[in-house]
Amino acid sequence: MKRSKVVCINIQIPNTNKESIGRFLNSTRMMKKPLFSSRRRKFTSGFGISVAVLILMNLLTSSKLIILEDPISNAMVENTPHYMRFLMDSPLNRNRVDDNPVEMKMRLSTEENQNTQINFTSQLPFKPFIPWKRRKDHPLPCIIDRTRPADWDPMNAYIQKQPSDTGLLYIKIEKAASSTLASVAGRIAHAMAHRTNAYVTKEDDDGNENKDGIEVRKVCRFRGLSHLWAKRTKSYNKRDRDQSFLWTFLKDPMQRELSLYFYFYLDWGIKHNYTVDSFHDWLGRHSDGNEQTTMLADEKAKRDFDEMMLQQNTNETMLDDFVQKTIDEMDFIGLVERMDESLVLLALMLDLPVTDVLYTSSKQSGDYTLIEKQKRCERIGIHRPLLPGIKDYFESVEWEQRARVDRMLHAAVNRSIDHTIEHVVGREIFDEAMREFMDAKKVVSDHCTINSRIVLACTEDGGVVPQADRSKCYLSDAGCGHECLDEVFPFQS
């Protein structure tokens, strides 16, 4: 049987006749706006034209239409022409194998044979994350900022909002466990400073002994307690790679979209009703589907990408290259869906004890949150059952195209984590570190959480806790209860 050189699509077309083709084309949304525009960063799709070409060729040549067995995963048949390629991949890459290239199973959808299986491979973006000590000839530096005045905490809001090209740099992406991960970023900065004997100092900003002998807490230079430092950074590729470690975590695009909608549109500020119409209003006004990639991508790369899309000057590797360059810029990327695994890998990348990346949840979805200006607590970010119309949208071609790049990036990171565990760190070493982390996490839960050692700003029934009675935080809701963590697992010298 001759193998057809066609694109793989995730729409099940029962028969290749005019009626089904018409329905499919009517459901395909074609837009001509840039992927990352300066105003609303709307998503571009030139895919509709490729689909039309594909189906016309199928009619004219009676070639076999190949359909993905997995309704989410998408990939390319070897030697498929670029105008027929559909550059999509599963958010969790359910068909992954141990290494790149990724192997997927396909089936031929024909009247003669509905079950014929074919295997093929496709080069998809991924990156093996390499521990710092394997790729650098010096330890990860701990840069101590000399602040003014000498007792000015470097964790204050002003410093955390400023761009930096050196230090431990966590890109805080909203509604991607960012408060919890900001706590981890602060704990790592404390731990590293402690090991360099810079955790407490009596020096002033000129290096002289402070006249009052004030003991000042010092931490390694880091960013991550505020979203703004990353948004104000135009290009990560200008950072000093010998003096910085750049990392972040991603969340499944659909789950993150829902979190943003529930939190900011239904429960925060001007509240809207939970309806299909309000959801689409949210999408039109506040979302582009690819915001995680926007946070990580270089400004020049985004501009060049937009220009190519507007000129329809695309080729079969453009999206892959864009995602690959985005991953390559980072020292490490984890996934919220694989939180504990990712944190253990982060510790291994930095050559830290796994206890240095322990955390307590800063807040849970639907918990009461303190509204500072109004001095009251409200339940924010409550998850609701999906309305049928919203569920249908997330299963549509429009959503897949809208969030295409974020989905590709998420899938690439998932592959990268798998590869790093198996082929960089080694399964045995990783499993041992994972067991140690989970044991330590249980100790923290027993000592700090179950025994109510951590007191947040709001009670379980929405009451406001007096400031003096709350557990100390690094900044805002990040790092709340860190003193209990430090007590249970003191930093190692």
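Can you spot a residue in the range 438-450 that is more than 27 Å from the chain's Cα centre (by Cα) and open to solvent by less than 20 Å² (accessible area, probe 1.4 Å)? Show your work before the answer.
Here is the first cut: in the range 438-450, the residues more than 27 Å from the chain's Cα centre (by Cα) are 443, 446-448, 450.
From what's left, open to solvent by less than 20 Å² (accessible area, probe 1.4 Å): 448.
Yes, the range 438-450 contains at least one residue that is more than 27 Å from the chain's Cα centre (by Cα) and open to solvent by less than 20 Å² (accessible area, probe 1.4 Å).
So how many residues does the range 256-281 have that are open to solvent by 60 Å² or more (accessible area, probe 1.4 Å) and either of a type in the set (Ser, Thr, Tyr) or free of Cβ contacts under 8 Å to residues at least 24 places away in the same chain (or both)?
As a first pass, look at the range 256-281 and keep what is open to solvent by 60 Å² or more (accessible area, probe 1.4 Å): 264, 268, 270-273, 277, 280.
Right, trim to either of a type in the set (Ser, Thr, Tyr) or free of Cβ contacts under 8 Å to residues at least 24 places away in the same chain (or both) and you get 264, 270-273, 277.
Within the range 256-281, residues that are open to solvent by 60 Å² or more (accessible area, probe 1.4 Å) and either of a type in the set (Ser, Thr, Tyr) or free of Cβ contacts under 8 Å to residues at least 24 places away in the same chain (or both) number 6.
Would it be correct to say that Leu409 is out of contact with any helix residue (DSSP H, G or I) (no Cβ under 9 Å at 6 or more places or on another chain) and either under 30 Å from Pro466 (Cα atoms) or part of a helix (DSSP H, G or I) (or both)? So that I can check it myself, show each step before the final result.
Values: out of contact with any helix residue (DSSP H, G or I) (no Cβ under 9 Å at 6 or more places or on another chain): no; either under 30 Å from Pro466 (Cα atoms) or part of a helix (DSSP H, G or I) (or both): yes.
No: the conditions fail for Leu409.
Going through the range 182-197 one residue at a time, which ones are open to solvent by less than 20 Å² (accessible area, probe 1.4 Å) and either at pLDDT below 85 or basic (Lys, Arg) (or both)?
Once the filter is applied, which keeps residues that are open to solvent by less than 20 Å² (accessible area, probe 1.4 Å) and either at pLDDT below 85 or basic (Lys, Arg) (or both), the range 182-197 yields only Arg187.
I'm checking my understanding of the structure. Among residues of the range 127-168 that are more than 24 Å from Phe430 (Cα to Cα) and in a strand (DSSP E or B), which one is modelled with the lowest pLDDT?
Pass one, the range 127-168, residues more than 24 Å from Phe430 (Cα to Cα): 141-167.
Subsequent filtering for residues that are in a strand (DSSP E or B) retains 144, 167.
Details: Ile144: 81, Gly167: 93.
This residue is Ile144.
What pairs come up if the first residue lies in the range 446-467 and is within 22 Å of Arg376 (Cβ to Cβ), the second is surrounded by fewer than 11 Cβ atoms within 10 Å (Cβ to Cβ), and their beta carbons are under 7 Å apart, counting only those six or more places apart or on different chains?
The qualifying pairs are Val455/Asp469; Val464/Lys375.
Quick test for you: out of Asp252, Asp328, pick the one residue that is under 15 Å from the mean Cα position of the chain (by Cα), open to solvent by 70 Å² or more (accessible area, probe 1.4 Å) and within 21 Å of Lys127 (Cα to Cα).
Details: Asp252 fails: open to solvent by 70 Å² or more (accessible area, probe 1.4 Å).
Result of the check over Asp252, Asp328: Asp328.
What do you reckon, is Asp331 in contact with a Lys or Arg (Cβ under 9 Å, 6 or more places away or on another chain), modelled with pLDDT under 95 and at negative phi? Quick ask: steps written out before the conclusion?
Details: in contact with a Lys or Arg (Cβ under 9 Å, 6 or more places away or on another chain): yes; modelled with pLDDT under 95: no; at negative phi: yes.
Judged against the criteria, Asp331 is not a match.
Does Cys473 fit the bill of being closer than 26 Å to Thr248 by Cβ, surrounded by 15 or more Cβ atoms within 10 Å (Cβ to Cβ) and free of Cβ contacts under 8 Å to residues at least 40 places away in the same chain?
Values: closer than 26 Å to Thr248 by Cβ: yes; surrounded by 15 or more Cβ atoms within 10 Å (Cβ to Cβ): yes; free of Cβ contacts under 8 Å to residues at least 40 places away in the same chain: yes.
So Cys473 fits the description; yes.
Could you look through the range 282-310, keep only residues that are of a type in the set (D, E, K, R), within 30 Å of Pro388 (Cα to Cα) and touching a residue at least 12 places away in the same chain (Cβ under 8 Å), and pick out the one that is least open to solvent (accessible area, probe 1.4 Å)? Let's see the steps before the verdict.
Initially, the range 282-310 is screened for residues of a type in the set (D, E, K, R), giving 285, 288, 291, 298-300, 302-304, 306-307.
After this cut, where a residue has to be within 30 Å of Pro388 (Cα to Cα) as well, the list is 285, 288, 291.
Then drop every residue that is not touching a residue at least 12 places away in the same chain (Cβ under 8 Å), which leaves 288, 291.
Details: Asp288: 3, Glu291: 32 Å².
Only one residue tops the list, namely Asp288.
Could you please find all residues in the range 340-398 being under 18 Å from Lys175 (Cβ atoms) and assigned to a helix (DSSP H, G or I)?
Across the range 340-398, the qualifying residues are Ser342, Ile390, Phe394.
The values are calculated or read from the model by the stated rules, or taken from the named source; none is laboratory data. Here the structure is a predicted model, which means the values were calculated and not measured. Neighbour counts are summed over all protein chains in view; Cβ atoms, including those assigned to glycine, are modelled from backbone coordinates with ideal geometry. The area values use the complete protein model at the heavy-atom level, side chains included, leaving out ligands, DNA and RNA. Shrake-Rupley method; radii C 1.70, N 1.55, O 1.52, S 1.80 Å.
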